[in-house]
């Protein structure tokens, strides 16, 4: 498998190790992450060449914004307020995650329906642009819901995709429902093995009730 973190560091708008970038995330409930998304696939995610995502760091990315150091505290707060204003008219929804797939650089569960999450991607992007303009690129350039169970690292060549698929076929685990009723703004970083973050704000989806 390919080194996931090398791709982050070599793209046009690089995200190097240790750099804190602003992200909008959907974070699964702790019990769901631990019991339904982590434990059934612990053996798979821990295979050579892979770096497993611990339950407390499992997430669904909505928008990867720019480096936190490139924004003033006032800009971060104005963006949060603008997202909160728009989120007040968006109803919560459930996202269903599939069993994992073995990709080229990570093991991921895909989610559906995609349209409501894309609406959040578009909303957070528009809110960001209204505050900071086009200072940062739109990442991702196309949105689809997914949650990562493990990333391939610098030794990703040790991860044999065929072997992983055979192992996955013998593991239990089914569809998992994640309630999407909150957006979380974080300052997120990686160390080429793990992605972690500091929570900056939580914004509820109020569906017009707020």
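The values are calculated or read from the model by the stated rules, or taken from the named source; none is laboratory data. Only a predicted model underlies this, so the values are computations on that prediction, with no experimental measurement involved. Note that we place each Cβ from the backbone using ideal geometry, even for glycine, and neighbour counts take in every protein chain shown.
Would you kindly identify the strands (runs of 3 or more DSSP E) lying entirely within segment 58-168 that contain at least 3 residues that are within 19 Å of residue 20 (Cβ to Cβ) and at pLDDT 95 or above?
60-67
Please specify each residue of segment 6-37 satisfying the condition of being in contact with a strand residue (DSSP E or B) (Cβ under 7 Å, 6 or more places away or on another chain), assigned to a helix (DSSP H, G or I) and closer than 13 Å to residue 57 by Cα.
If the condition is that a residue be in contact with a strand residue (DSSP E or B) (Cβ under 7 Å, 6 or more places away or on another chain), assigned to a helix (DSSP H, G or I) and closer than 13 Å to residue 57 by Cα, then 32, 37 are the ones that fit.
Hey, can you tell me all the residues within segment 137-168 that are surrounded by fewer than 17 Cβ atoms within 10 Å (Cβ to Cβ) and under 17 Å from residue 110 (Cβ atoms)?
If the condition is that a residue be surrounded by fewer than 17 Cβ atoms within 10 Å (Cβ to Cβ) and under 17 Å from residue 110 (Cβ atoms), then 140, 142, 144, 161, 165 are the ones that fit.
What pairs can you find where one residue is in segment 191-208 and at positive phi and in contact (Cβ under 8 Å) with a residue 24 or more places away in the chain, the other is part of a strand (DSSP E or B) and surrounded by 15 or more Cβ atoms within 10 Å (Cβ to Cβ), and their Cβ atoms are less than 9 Å apart, with a gap of 6+ or different chains?
Short answer, once both residue conditions are applied: 192/51.
Hey, among the residues in segment 111-129 that are free of Cβ contacts under 8 Å to residues at least 60 places away in the same chain and in contact with a helix residue (DSSP H, G or I) (Cβ under 6 Å, 6 or more places away or on another chain), which one's surrounded by the fewest Cβ atoms within 10 Å (Cβ to Cβ)?
Top of the filtered list is 123.
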